[in-house]
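Worksheet for the structure shown next.
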Amino acid sequence: MDTVGTAPFKRCRRSLKPGGRLLLLVADLPAMLLSGWQSLISGRRVIAGPATVRPEDVATLADLAETGAYRPVMDRCYPFEQMVAAHRYVDTGRKRGNVVVRLDPEPRLDPAPLRNVMGA
């Protein structure tokens, strides 16, 4: 799932199993036009374009997260006071997962990379 437009099919293709799906939530017109062709020739389904949000879909995603079937990758976590640092890190293009900005004053995660997620 690409939520920010930085993971085009060309880059993700080898990560997808045959029959796997790539959901491009932020797709430009060329990506939307190519998605059908890429699906046809690759054996992987590329879904691109605007989507409607239905309450039952959000509930399904919440259920998947609660059961552990879907686990978002978290790269770093910053307190709200370090918002500028969080943006600077994202702008480097080196992030490997989500960058979280916490609003509560009690940081639960170190802003350093999460080693267990990153495989280090």
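Numbers at a glance
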item	result
Helix axis angle, 29-42 relative to the chain longest principal axis, alpha carbon, degrees	70 degrees
The chain, relative contact order [Cα under 8 Å, separation at least 6], %	19 percent
Between helix 55-67 and the chain: long-axis angle, C-alpha atoms, 0 to 90°, nearest 10	60 degrees
Burial order of peptide ranges 86-94, 6-14 (average beta-carbon count within 10 Å, highest first)	6-14, 86-94
18 Å tail of the calculated P(r), the chain, as % of Cα pairs	64 percent
Carbon + sulfur, % of accessible area of the chain - ligands and nucleic acids excluded, 1.4 Å	57 percent
Probe 1.4 Å, protein heavy atoms only - accessible area per residue of the chain in square angstrom	77 Å²
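The values are calculated or read from the model by the stated rules, or taken from the named source; none is laboratory data. A quick note: this is a predicted structure, and the numbers were derived from the prediction, not measured. Because the Cβ atoms are built from the backbone with ideal geometry, glycine has one as well, and the counts that use them run over all protein chains shown. SASA here: full protein model, heavy atoms, side chains in, ligands and nucleic acids out. Shrake-Rupley method; radii C 1.70, N 1.55, O 1.52, S 1.80 Å.
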